[in-house]
Amino acid sequence: AISYVEVPNMQNNIEAVLKVIQFIYENIMYAELNTKSDYCQVCGYDGEIKIVTDDNGISHEPKEWFVVPLSVVDAIIAKIVDGSIIHYTYNSTLQCLEKMSR
């Protein structure tokens, strides 16, 4: 299996990073753990995903090439931390995390 894990800034949650790396080591042939901050090309905001207001009072929500609601990202992170992330997939039509049938 090949997996790519996109996570927010994890500097303050090293325990979760170590759990993900341990899971990868024990269960996956190849995986990447990618982390970065978001960047708004309109106002230059560089930081965690959130709506920001620029100096002109205009609101911007930094986006990636993929769009996953922040609530789903939070659910995924919680499942990584508690170890229950196995056999889930993202349903882009319903914008939710779903348990896969085996």
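Taking the stretch 1-31 as the range and being of a type in the set (Asp, Glu) and either closer than 17 Å to VAL73 by Cα or at pLDDT below 80 (or both) as the test, only GLU6 passes. A search for C-beta distances below 7 Å between a residue of the stretch 33-44 that is modelled with pLDDT of 70 or more and any residue that is among the hydroxyl-bearing types (Ser, Thr, Tyr), counting only pairs 6+ apart in sequence or on different chains, returns ASN34/TYR4.
The values are calculated or read from the model by the stated rules, or taken from the named source; none is laboratory data. All values derive from a computational prediction rather than experimental measurement. Positions of Cβ are generated from backbone atoms using ideal geometry, with glycine treated the same way; all protein chains shown enter the neighbour counts.
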